[in-house]
Amino acid sequence: MPRLLLSFSTPQSCINEETSFSGLSGNYNQKSLNSIIIKNKLWEGRMPFTIEEFLGVFRSYNNAVWPFQIILNASALYIIFVAIWKRSYSNKIITAILGFYWIWIGLVYQILFFAKINPVAYGFGLIFIIQAILFYKAGIHDKKMEFSWQNNLEAYTGAILILYALIVYPLLGMYFGHTYPENPTFGLPCPTTIFTFGILLWAKEKLPLYIIIIPVIWAFLGISAAMQLGIKEDLGLLISGLISAILLIKVNVKARKIKTA
């Protein structure tokens, strides 16, 4: 049986969908070849997709869910409103909406859209859904998440991160040439994670630290990929993750000292 050596650098456009490839391990159609190419790139530490494909996912997502982006932005403003002007239901509403954001990203963006060009997105989707469950556990079931505006460093830092996520982030994106619909709108991982950090810094008392583990991990994962793909506005993701982790841990340590004093 003749052997055919395939290079992983073979241009995708040169592969015909109808063609199958024979080798020692059997027949390969284009779908299986694509899978091999993706796994090889992941193994080498490279992105399994191009910048054009990545921006194409944003375009497909934004076109498909429009005008839901308006509702997502309006809900963020509502979170700010009920956190500053407290209501009896404020904490549950804020927790519920934050949880919804993370379920939305995990199920809709990661699994339904991003996974089409990156199979690792199925794992990302699961992680985001787990984070939503943690929000509901801590905030609604255990009632350990209480939010309000306070005149302290954490609150002002949180306000800066919120403004960055909702206003500065999209403006920077436009400056760097990422225009709608090929841009990460609010409701997608990076701007929403930055917004989440901002709201968590408005917590009135210490939070369970398990709440910030996944967002901080995503801050590192997301920034590494985004920098390789030229989404420079995502630099704020890593900065927000580091600052928020330091401040929230500091609050927890201080609360523990007061409790044991």
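Coordinate-derived values only; no laboratory data. Because the structure is predicted, anything quoted here is derived from the model rather than measured. Quick reminder, even Gly has a Cβ in these numbers, built from the backbone with ideal geometry, and neighbours come from all protein chains shown.
For the stretch 48-140, the fraction of alpha-carbon pairs lying more than 15 Å apart is 65 percent, rounded to a whole number.
Here LEU229 and ASN63 are evaluated by their C-beta separation; at R0 = 30 Å the FRET efficiency comes out at 0.90. The dipole here belongs to the stretch 51-260: it is taken about the Cα centre, uses +1 on the Cβ of Lys and Arg and -1 on the Cβ of Asp and Glu, and is about 1020 debye.
Figure legend: label point modelled 7 angstrom from the Cα of LYS143 along Cα→Cβ; residues of the stretch 94-130 with amide N under 16 Å from it are 94-96. Cα extents for the stretch 119-261 along the principal axes, largest to smallest and rounded to whole angstrom: 53, 34, 22.
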